[in-house]
1. Against the condition in contact with a helix residue (DSSP H, G or I) (Cβ under 7 Å, 6 or more places away or on another chain), open to solvent by 20 Å² or more (accessible area, probe 1.4 Å) and modelled with pLDDT under 90, how does ALA190 come out, does it pass?
2. Could you check, for the range 118-135, whether at least one of its residues is part of a strand (DSSP E or B), open to solvent by 20 Å² or more (accessible area, probe 1.4 Å) and in contact with a strand residue (DSSP E or B) (Cβ under 8 Å, 6 or more places away or on another chain)?
3. What are the pairs, 6+ residues apart or on separate chains, where a residue within the range 28-55 that is at positive phi has its Cβ under 7 Å from a residue that is modelled with pLDDT under 95?
4. Answer yes if at least one residue in the range 85-100 is modelled with pLDDT of 95 or more, under 13 Å from VAL10 (Cβ atoms), in contact with a Lys or Arg (Cβ under 9 Å, 6 or more places away or on another chain) and buried (at least 16 other Cβ atoms within 10 Å of the Cβ), and no otherwise.
5. Would you point out the residue of the range 64-74, among those that are open to solvent by 50 Å² or more (accessible area, probe 1.4 Å) and either free of Cβ contacts under 8 Å to residues at least 40 places away in the same chain or of a type in the set (Asp, Glu) (or both), that is farthest from TYR17 (Cα to Cα)?
6. Consider the range 90-119. How many of its residues are touching a residue at least 40 places away in the same chain (Cβ under 8 Å) and over 18 Å from SER175 (Cβ atoms)?
7. Would the range 161-171 turn up any residue that is in contact with an Asp or Glu (Cβ under 7 Å, 6 or more places away or on another chain), open to solvent by 60 Å² or more (accessible area, probe 1.4 Å) and outside any helix (DSSP H, G or I)?
8. Criterion first (more than 20 Å from ALA102 (Cβ to Cβ), under 21 Å from the mean Cα position of the chain (by Cα) and aliphatic (A, V, I, L, M)) does LEU55 satisfy it?
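The values are calculated or read from the model by the stated rules, or taken from the named source; none is laboratory data. Because the structure is a prediction, the values reported are computed rather than measured. So basically every Cβ, Gly included, is an ideal-geometry build from the backbone, and we count neighbours across all protein chains shown. Side chains are part of the model used for accessible areas, which takes the heavy atoms of the whole protein and leaves out ligands, DNA and RNA. Shrake-Rupley method; radii C 1.70, N 1.55, O 1.52, S 1.80 Å.
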Amino acid sequence: GLPPGLRLGVGVDRLDYTKGIQEKLLAVERLLEIQPELQGRFVFVQVVEPSRSCLPAYRDTRSQIVQACERVNDRFGRERYQPIHLIERHMDPAEIYRLYRAADVCYVGSLHDGMNLVAKEFVLARHDLRGVLVLSVNAGAAGQLRSALMVNPRNVEECAQSLRQALEMSIGEQSKRMRLLRGNVETFDASWWADELLNDVMRAGRGVGASMAPVVPRHASGTPTSVSQRW
C-alpha cells in the first residue's frame with residue numbers, strides 16, 4: 001500500500017536479540033537526520049518473525065524494538081507517511097520475495113549470526129541485478145558475500161552512511177555487485193557446503209585433525225576459507 005516513488009529498505013529477521021534489529025532502526029533514524037531530503041521519500045519495512053515470546057529476554061527485545069519504531073515515526077512521520085513499518089507476523093516465502101524484489105536495499109544487521117540466509121535469499125531474488133545488500137560483518141554470510149556493503153552493526157553512524165551509499169549507488173554499480181553476489185551464492189550452495197562438511201568429517205575420522213589439514217575451498221574472489229571458519 002505504499003505510494004509510488006518511495007525508496008524502500010527491507011529487513012527480515014526472527015525476533016532475537018542477536019539480530020541487531022534495534023540497532024538497524026537507530027541507523028535508519030540517523031540516516032533521516034543526515035539526509036533530511038529522504039524524509040517522506042524513504043521507508044524501511046522491518047519484518048519480525050515472532051519467536052520465544054515466553055522468555056523475558058525476548059519480550060524485552062520486542063519492547064525495545066517497538067519503542068524505537070514509535071520514536072522514529074513520531075520524529076519523522078507525517079500525514080500518510082511513516083518511515084518505519086514494523087510487521088510482526090509470519091510471512092510466507094511468496095510475500096518475503098515480493099519485498100526482496102521491491103527493495104532498493106536489504107539490510108542485514110546481525111550482532112552475531114551463524115550464517116543468515118536472508119542475505120542469500122535477497123541476492124537470489126534479484127534476477128534484475130538491482131538492489132544493494134548492506135551486510136553486518138558479524139553475519140556468517142559475510143565470509144562469502146564480499147561484494148555487499150559491509151558494516152559494523154554497532155556503529156550507528158557507519159551503518160547510516162552505508163545506507164546512504166546504497167541509496168545513491170548507480171545502476172551500473174548495483175549490477176556489478178549483484179552479479180558477483182549471485183555467482184557466489186549459486187556456486188557455494190547447500191550441496192557444496194554439505195560435501196565440504198562431510199569431507200572435513202572424513203578427514204578427522206582418518207586421524208587427520210581438522211586444524212592440521214583443513215579443507216580450504218576458495219571464494220569466488222579467490223580467498224581461501226575453511227568450512228569451520230565460515231559456518
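1. Numbers: in contact with a helix residue (DSSP H, G or I) (Cβ under 7 Å, 6 or more places away or on another chain): no; open to solvent by 20 Å² or more (accessible area, probe 1.4 Å): yes; modelled with pLDDT under 90: yes.
Spelling it out, it is not the case that ALA190 is in contact with a helix residue (DSSP H, G or I) (Cβ under 7 Å, 6 or more places away or on another chain), open to solvent by 20 Å² or more (accessible area, probe 1.4 Å) and modelled with pLDDT under 90.
2. Narrowing the range 118-135 to residues part of a strand (DSSP E or B): 132-135.
Checking the rest, the ones that are also open to solvent by 20 Å² or more (accessible area, probe 1.4 Å) come to none.
So far as the range 118-135 goes, no, none of its residues is part of a strand (DSSP E or B), open to solvent by 20 Å² or more (accessible area, probe 1.4 Å) and in contact with a strand residue (DSSP E or B) (Cβ under 8 Å, 6 or more places away or on another chain).
3. From residues that are at positive phi, the pairs are GLY40/ARG78; GLY40/TYR81; ARG52/TYR58.
4. Yes, there is a match, as at least one residue in the range 85-100 is modelled with pLDDT of 95 or more, under 13 Å from VAL10 (Cβ atoms), in contact with a Lys or Arg (Cβ under 9 Å, 6 or more places away or on another chain) and buried (at least 16 other Cβ atoms within 10 Å of the Cβ).
5. My answer is ASP74.
6. 14
7. no
8. Details: more than 20 Å from ALA102 (Cβ to Cβ): yes; under 21 Å from the mean Cα position of the chain (by Cα): no; aliphatic (A, V, I, L, M): yes.
Considered against the rule, which asks whether it is more than 20 Å from ALA102 (Cβ to Cβ), under 21 Å from the mean Cα position of the chain (by Cα) and aliphatic (A, V, I, L, M), LEU55 comes out as no.
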